[in-house]
Structure formats: structure tokens, C-alpha cells
Amino acid sequence: MMSDEGHAQEGTVIAHYGIAVGVRFGSGEEVRLPLRRPQKVVVGDRVERKGEGLRTLPSSGVLRRRDRHGRVRSVAAHLDVLAVVVAPIPESPLGFIDRGIVAARVAELEPWIVVNKNDLSEAADLFEELTRLYGEAARLLFVSAQSGDGLASIGEGLSPARRSAFVGTSGVGKSSLLNALLPDLDLDVGEINEVSGLGRHITSVATLHTLPGGGELIDTPGFRDFGPVAVSSRELAAHFPGFEEALIQPCHFRDCLHLTEPGCAVLAALESGDIETQRHEAYRALLTDLQRAEEAEGH
Ligand SMILES: Nc1nc2c(ncn2[C@@H]2O[C@H](COP(=O)(O)OP(=O)(O)OP(=O)(O)O)[C@@H](O)[C@H]2O)c(=O)[nH]1
Ligand SMILES: [Mg+2]
Ligand SMILES: [Zn+2]
């Protein structure tokens, strides 16, 4: 048998099973490879196989989050777009979209909000509300995995070669959207619990899929904790969604945190009613969270 020792082969990680990864090589060949030791690798990463070894190549466009225990988790790599999926049922946790948009902007990804289940009657109000709050910050898509409405806009936004990940709480329909976009795909989808209104964490493995018109989409397991990672207070102050218009005229101080500073453009907009009290409170809560996480890490 011929050995390919010494001959390096480059590929893309298309699935992560914990103890093994699925890799697609340039030739189109897809292989499941065991991880011989704990290794930093996520879906979307470029890897190099040399003999038995697998090396993760340096990456960019990595989306990371802090889970409820404060641990940093990588979601996916080499992304261009972050698509936060929401639905009228189940509702997303308070602040989830804010965190997603901030994470995307800091990682230099284009933020999208995909409002799924637009076949449900409550969806129109949700879409209107989110457009009001996030219209300046993100691209909003109004779709239904069930009826197929609006799905073409997802493919068009990623064509010919952009990569996105679906993130969102369990049950909003991330896997259903992928199944609807790719007729040959058959990802498991779950039921919503009638009592709690929550999804049941059906997807446990992140997987990457190529769309018919080009572009790629990563399905991820649902999560509720989207703690910011490597976001400074100043970055949050610059990137919080909904402050765009107020900040066209910058604050007096360049490092303004929009709390009590004189000459603050955000506080002026709050005063005049252009920014809602609730939005400023959401900002302050996220700032506090982030400063706590920084302290816990000893910064
Ligand atoms: N009415 C309606 N229901 C939908 C739609 N899309 C998905 N669902 C339902 O929502 C439930 C959850 O769908 P999934 O695709 O499993 O959700 P998920 O976001 O992948 O959930 P996790 O894998 O647990 O993170 C299923 O019962 C789907 O049938 C839609 O467009 N309209
Ligand atoms: Mg799923
Ligand atoms: Zn300010």
C-alpha cells in the first residue's frame, strides 16, 4: 500500500463530533477523522493532514461566545455573515440579538437577523418591532422554513461564495431552514415543548453545507447564552445596535461609555426620546456583564 506520509493535504472542517471531525478535501473527498488529542478546531477551520496528524491552520472570522459558566466557546471559523435566527415561538432570551450583533461587528462579520416562522400570525409584529430596533444595524430577513417564503433571499445574500452560520436558541428552526434550502438534506428537527415553549436541543453537532447557488451555511446547536468574548467596553459603546444615528455626531469624549459623560450624543438622544430608555438600559446591562467577565479573567 502506498503511504501518503510526507504529503500534506489541506481541507475544510465540515462537521465536529467532539471526538472526530468531518473534513472535506480539495478533491471533494469527505472523510471522518478521529481527533487523537484535544485539539482546537471548529467547523469552518482549514486543516492540514499529514500522515496521521491533523493540524489546524490559522483562521479569521471566528465567532466566539461565553457560555453560562463563563467558558469561551468557538462557534465557527472563516465566517463572512452571522445570521441570528429568531421566531415568534420560542422567544429568544432578552439581549440575545444585541449580543449577536455586537459579536458580529467586533469579529467584522455582517450581522443578519432571520425572522423565521412567518407563517405564524405573531410573526409580522415581531418583524416590525425588530426592524424598528435593528433596521440600522443588521439585514433583516422574513422567512418561513415551512412555506418556503423568503428563503431565496438567504441564498442570494450568500451567493456566490460567502459563508454564514445560523445561531439562535433551540427550536427557532435553524435546521428546518437548512433542510428547506437543501432538498437532499435531512437534518433532525425537533418539537417545541407545549408547556415551556422551549425547543429541545435537537442539533448537537455543528455542520457546514454548500448552497446550490454557492455560499455556505453552518447549522449549530441551539444556545441561550451569548456572552461577549474579547469585546472591550469601548467596542461595545461603539457597536451597540440602535446607537448608530445618535453617534453620527460623535460624543465629546472619544472613549465615551454613554453613562454620565458630558457632551454624550447617546445621552442627548435618550433625553430627546430618539433612543428609548429600555435600549439604554439593555446597553448598560450588557456593559456590566462584560466588565464582570473581564474582572473574572483578571484584566
Ligand atoms: N410554523 C413553523 N414551524 C417551524 C418553521 N420552521 C421550523 N419550525 C418548527 O420548529 C421546530 C424546531 O425546529 P428545528 O429546526 O429543530 O429548530 P432548531 O433551531 O434547529 O433547534 P435546535 O437544533 O434544538 O437548536 C420544529 O417543530 C419545526 O417543525 C416554520 O417556518 N414555521
Ligand atoms: Mg437544529
Ligand atoms: Zn457617549
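Bear in mind that the values in this text are calculations on the coordinates, not laboratory data. A quick note: this is a predicted structure, and the numbers were derived from the prediction, not measured. Here the Cβ is made from the backbone with ideal geometry for all residues, glycine too, and neighbour counts use every protein chain on show.
Given the DSSP H assignment, sum -39500 (n - 2.57) over each helix run of at least 4 residues in the chain and divide by its residue total; what's the result at 222 nm in deg cm²/dmol, nearest 500?
Using -39500 (n - 2.57) per qualifying helix, the result is -7500 deg cm²/dmol.
Suppose every Lys and Arg Cβ carries +1 and every Asp and Glu Cβ carries -1, with no other charges. What dipole size does the chain come out with about its Cα centre, to the nearest 20 debye?
1120 debye
Among the DSSP beta bridges whose two residues both lie in the chain, what percent are antiparallel, rounded to the nearest 5?
65 percent
Need one number: % antiparallel among DSSP beta bridges in region 15-149, to the nearest 5.
If I count the DSSP bridges inside region 15-149, around 60 percent turn out antiparallel.
Name the residue from Val106, Thr203, Gly26 whose Cα lies farthest towards the positive end of the charge dipole of the chain, charges +1 on Cβ of Lys and Arg and -1 on Cβ of Asp and Glu.
Gly26
Compute the Cα gyration tensor for region 108-198, then decide on rounded, prolate or oblate, letting a ≥ b ≥ c be the square roots of its eigenvalues: rounded whenever a/c is under 1.5, prolate when a/b is larger than b/c in the other cases, and oblate in all that remain.
The shape class here is oblate.
Suppose we flag trypsin sites (Lys or Arg not before Pro) only when DSSP calls them loop and at most 13 other Cβ atoms lie within 10 Å. Which is the longest uninterrupted stretch of the chain?
72-199
Can you grab the distance from the C-alpha centre of region 152-191 to the C-alpha centre of region 108-128, Å, no decimals?
For region 152-191 versus region 108-128, the Cα centre distance is 14 Å.
Please list, in chain and number order, the residues 5+ apart from Ala76 or on another chain whose amide H is under 5 Å from its amide H, with Hs placed from the backbone.
Result for Ala76 returns Leu63.
Would you mind calculating the relative contact order of the chain from Cα pairs under 8 angstrom and at least 6 residues apart, reporting the percent as a whole number?
In percent, rounded to a whole number, it is 16.
Would you kindly state how much longer the chain becomes between Thr260 and Glu297 on full extension, computed as 0.36 nm times their sequence separation minus their alpha carbon distance, in nm to one decimal?
Full extension of this stretch gives 10.7 nm more.
Straight-line reach from Lys117: which lysines have a Cα under 27 Å away, not including same-chain ones fewer than 8 places off?
Lys174
Looking only at Thr260, Thr207, Thr277, which one moves most when the chain is put into a Gaussian network model with springs between Cα atoms under 10 Å?
Result for the chain, Cα springs under 10 Å: Thr260 fluctuates most.
Could you check what % of the DSSP bridge pairs in region 110-218 are antiparallel, to the nearest 5?
30 percent
List the GluC sites (Glu not before Pro) in region 207-299 that DSSP assigns to loop (not H, G, I, E or B) and whose Cβ has at most 14 other Cβ atoms within 10 Å. Which are they?
Answer in residue order: Glu244, Glu245, Glu276, Glu297.
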